[in-house]
Amino acid sequence: MNNTSWNEFRKELLKDVKVVRELKKLEPEYQLARSLIGARIKKRLTQKALAKKAQTDQASISRLESGSSKPSLALLRKVADALGANLMIKFEL
């Protein structure tokens, strides 16, 4: 059995240009998920509690946090308001 560590495996994966390209495509979803999880934890809210404050369901919050959804701007505004956070969307060159 091969005992490759995650870091070693990751280094090997990142040598593949196709893998790097796909990771870059997923970066916005990853940033959104990471930011949302951090804000929710900082506010000491469960997904269910945040969902209630945002007038949505827990599954929607879970999908946002997993990066598996393409949320509407309206939903992001509701979640930001529920967190007492500023929603910032920008293009960087």
Just checking, does the range 33-52 include any residue being in a helix (DSSP H, G or I) and touching a Gly at 6+ places or on another chain (Cβ under 7 Å)?
yes
Test of understanding: among R44, R21, which residue is loosely packed, with under 11 Cβ neighbours inside 10 Å, at positive phi and charged (D, E, K, R)?
R44
Out of the range 13-23, which residues are of a type outside the set (A, V, I, L, M) and modelled with pLDDT of 90 or more?
K15, D16, K18, R21
Quick one: is S69 among the hydroxyl-bearing types (S, T, Y), part of a helix (DSSP H, G or I) and surrounded by 13 or more Cβ atoms within 10 Å (Cβ to Cβ)?
no
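The values are calculated or read from the model by the stated rules, or taken from the named source; none is laboratory data. The structure presented is a predicted model; accordingly, all values stated were derived computationally and were not measured. Here the Cβ is made from the backbone with ideal geometry for all residues, glycine too, and neighbour counts use every protein chain on show.
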